[in-house]
1. Got a number for residues in segment 278-318 being closer than 24 Å to residue 69 by Cβ and in a helix (DSSP H, G or I)?
2. Return the residues of segment 536-561 that are under 23 Å from residue 575 (Cα atoms) and surrounded by fewer than 17 Cβ atoms within 10 Å (Cβ to Cβ); say none if nothing qualifies.
3. Of everything in segment 174-223, what is touching a strand residue (DSSP E or B) at 6+ places or on another chain (Cβ under 9 Å), over 18 Å from residue 269 (Cβ atoms) and assigned to a loop (DSSP other than H, G, I, E, B)? Give them in sequence order.
4. Determine, yes or no, whether residue 492 is within 21 Å of residue 577 (Cβ to Cβ), touching a residue at least 12 places away in the same chain (Cβ under 8 Å) and surrounded by 13 or more Cβ atoms within 10 Å (Cβ to Cβ).
5. So is residue 505 more than 22 Å from the chain's Cα centre (by Cα) and in a helix (DSSP H, G or I) or not?
6. Residue check, residue 371 against (1) in contact (Cβ under 8 Å) with a residue 12 or more places away in the chain; (2) surrounded by 14 or more Cβ atoms within 10 Å (Cβ to Cβ), all met but one. Which one?
7. Only one residue in 451, 442 is in a helix (DSSP H, G or I), in contact (Cβ under 8 Å) with a residue 60 or more places away in the chain and touching a helix residue (DSSP H, G or I) at 6+ places or on another chain (Cβ under 7 Å), so which one is that?
8. Residue 454 versus (1) crowded, with 16+ Cβ neighbours inside 10 Å; (2) within 28 Å of residue 335 (Cβ to Cβ); (3) modelled with pLDDT of 90 or more: which is the lone unmet condition?
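The values are calculated or read from the model by the stated rules, or taken from the named source; none is laboratory data. Just so it is clear, the model here is predicted, and its values are computed rather than measured. Every residue, glycine as well, gets a Cβ built from its backbone with ideal geometry; the counts of neighbours run over all protein chains shown.
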């Protein structure tokens, strides 16, 4: 018995999903030579941290291995820097990729400066590893930490914290060596004077946050931050006035070794650069006196990332045929309506009106993003000041939410004005829109959307349970979520839905023309939905290239957030069009995408929940 077309498409998508995840898991475990599992450690004040532990099978009680904890930066979870853990574990290091406090599966912290005072939870993990006999395959005299951005701050703060502890107790410091990537603001005399660890520093030459540095650039050769770091490990009579990039200074056995790297890249891409990973590998092999087993540039993590994006695309693509199959069931069959006729192809003033509203929408999206980010800090004071709260506890998503509400409302207004003063005078009627719906039909549409949302994430939970991989590419990812995030989903989705429904109305009722190829209409919708945010990135980095300083300085982290948001904004109209063609209505698409995309946003950002 032959399968229907939707069934074949669904099976193909699921097959690609499973195969790509199986291969990704093999890469992550080095073909079975590294065992990977999650651990959860209770910490003070009822807090806890979660980490992925990578244990090479070569690490045993008889041959204990060095241990390195990997700390992601602000907005990132343990999977975001698992590439570092993968490469170190391949070379025999036991590694732990940490979920920082208030990110991923770790609890929030009572401290508003958790990176500084608790190392995002890294201090507690180091204390546990250094004190327990459970990890008898770890050499407790060779414990290290590395981190990027705020995670780099956690690393140097850890060196300071455990250095002061060593001075008080007279015992060797627990933290043998640290590697600080993407952060130099705390490389001060006050912090460095108590460090009793080897220190490596890596800073992107084109780091967007370099305007905050003492020389207001990313060049580390004469940077006071780099000079202080190197000279903190040297006798005064050997102090340098210029740092030689990549040169090892000091003595690793005395824990005075220092090295500075200055990779030619941007801040968010530094952790995903082969040179940067190789520099970290060389550093830890050097300070821990580990015999080189693989060339530092022999790296496989890129393949895991490529397979991650294949899995992500396959998982999202599976939603469409799954919806088609469910619409054939008795429960949801009534939701499949004829697709309304497309709009007549515009010409003359109609064409002018279309491109005017298209351009105006992009410009408004561009100029309102940063002001909405600033407004969010005033409206959601607790989250913006890192206080624990149940009231919209996601600092970064609050900004995106306000922007979405404003631009969704603007989209409705432009659509109505276009219809009121032009469309209805030229034969356009609401029958073209697919917007008429009864309350029972709307309720059943929501049921179908919730079912598709559940199926999407159930497949992710199953993949993660058996293979311990999720769907991700670099800093964009779909990860399993904690049950309490369903409360946040109910809190955020109604506001985001304003934008998602506005987009569906625009794509299906204002951008669908007679005789226009579907691919062209969806491409136009994708560009229309993301162009404003793309313009922000263009302005930011064009200014940066021309002047050496980004256009938005205080808001540069909000701009960096767009690297993960823009792809979602681009593909959103595609799903809205697919579901419109399946139901003849504008509602199923935004319901499904709002639930899935908002959960992706929620589970990949910092959350100041009092749990």
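1. Residues in segment 278-318 being closer than 24 Å to residue 69 by Cβ and in a helix (DSSP H, G or I): 15 in total.
2. Filtering segment 536-561 for residues under 23 Å from residue 575 (Cα atoms) gives 561.
The answer is none; no residue qualifies.
3. 174, 175, 176, 186, 187, 195, 197, 221, 223
4. Working: within 21 Å of residue 577 (Cβ to Cβ): no; touching a residue at least 12 places away in the same chain (Cβ under 8 Å): yes; surrounded by 13 or more Cβ atoms within 10 Å (Cβ to Cβ): yes.
Considered against the rule, which asks whether it is within 21 Å of residue 577 (Cβ to Cβ), touching a residue at least 12 places away in the same chain (Cβ under 8 Å) and surrounded by 13 or more Cβ atoms within 10 Å (Cβ to Cβ), residue 492 comes out as no.
5. Details: more than 22 Å from the chain's Cα centre (by Cα): yes; in a helix (DSSP H, G or I): yes.
Judged against the criteria, residue 505 is a match.
6. With respect to (1) in contact (Cβ under 8 Å) with a residue 12 or more places away in the chain; (2) surrounded by 14 or more Cβ atoms within 10 Å (Cβ to Cβ), residue 371 is out only on (1).
7. On the way: 442 fails: touching a helix residue (DSSP H, G or I) at 6+ places or on another chain (Cβ under 7 Å).
Answer to the selection: 451.
8. (1)
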